[in-house]
1. Summing -39500 (n - 2.57) over the DSSP H runs of n ≥ 4 in the chain and dividing by its residue number, what mean residue ellipticity at 222 nm do you reach, to the nearest 500 deg cm²/dmol?
2. With a 1.4 Å probe and all protein chains kept in place, how do THR47, THR147 rank by accessible area, largest first?
3. Can you tell me the dipole magnitude for the chain around its Cα centre, using point charges on the Cβ only (Lys, Arg +1; Asp, Glu -1), in Debye to the nearest 20?
4. Give the calculated FRET efficiency between HIS72 and ARG1 to the nearest 0.05, with a Förster radius of 45 Å applied to their Cβ-Cβ distance.
5. Label-point separation (nm) for LYS23 and ARG55, each offset 7 Å from Cα along Cα-to-Cβ?
6. Could you work out how far apart the two model spin labels at ASN117 and MET63 are, taking each label as a point 7 Å from the Cα in the direction of the beta carbon, and quote it in nm?
7. Taking every DSSP beta bridge with both residues inside the chain, roughly what % is antiparallel (nearest 5)?
8. Based on the inverse mean of 1/r over its pairs of different Cα atoms, what is the Kirkwood hydrodynamic radius of the stretch 23-161, in Å?
Amino acid sequence: RYVACSRWLGNMASNSRLLQGKKVACIPNAININLFKPRNKRLARVTVGLPYNKRLLLFSSHMLSDERKGFHYLKEAAIRLAAEHPEWLGKLGIVLVGKDLEPAMYHDIPFDVYPLNYIADEKVMVDVYNAVDLFAIPSLQDNLPNTIVEAMACGIPCIGFNVGGIPEMIDH
């Protein structure tokens with residue numbers, strides 16, 4: 001018996017020559033909902049040093065430079081949003097979490113950017129999720145990202161592309 005954490009990956013495994021005729025089960029990754037849960041947004045923003053007078057969008061990836069995570073699509077969308085809706089300038093901020101946060105990667109984003117670097121501490125990440133208004137995951141390849149479940153458990157809406165296991169968690 002083989003176990004995949006998403007139906008998408010389970011289907012891919014079942015259809016592979018290697019596992020033909022084998023049983024493949026789907027067991028999604030679990031998270032601690034006693035930790036990942038809604039908290040006071042204002043307090044969370046103070047705790048992680050984010051402004052409380054803006055709408056905040058979160059993008060998180062182990063490595064922002066990983067092309068599969070789609071950071072370039074987020075930048076493109078931000079540039080387009082600013083051009084089509086200049087009234088959002090000064091009202092929207094983008095929070096970035098990742099290991100390789102070089103200013104050159106995000107200097108052309110027209111909104112205020114709040115780089116938080118990579119966060120390994122789950123308790124700090126709970127504060128980050130609770131501090132934002134929206135989580136964006138423009139991945140081009142992903143299995144069943146825990147970040148979506150964690151953000152949703154904190155009451156944060158999520159948007160992403162229809163790839164991999166993402167549509168198993170985000171409805172249109």
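1. It comes out at -8500 deg cm²/dmol, rounded to the nearest 500.
2. Result, largest first: THR47, THR147.
3. My answer is approximately 620 debye.
4. After rounding to 0.05, the efficiency reads 0.70.
5. 4.8 nm
6. 1.9 nm
7. Around 0 percent of the beta bridges assigned by DSSP in the chain are antiparallel ones.
8. Answer for the stretch 23-161: a Kirkwood hydrodynamic radius of 15.5 Å.
The values are calculated or read from the model by the stated rules, or taken from the named source; none is laboratory data. For clarity, every value in this text was computed on a predicted model and none was experimentally measured. As a convention, Cβ positions derive from the backbone with ideal geometry for all residues, glycine included, and neighbour counts pool all protein chains shown. When the accessible area is computed, the model is the full protein with side chains, heavy atoms only, and any ligands, DNA or RNA have been set aside. Shrake-Rupley method; radii C 1.70, N 1.55, O 1.52, S 1.80 Å.
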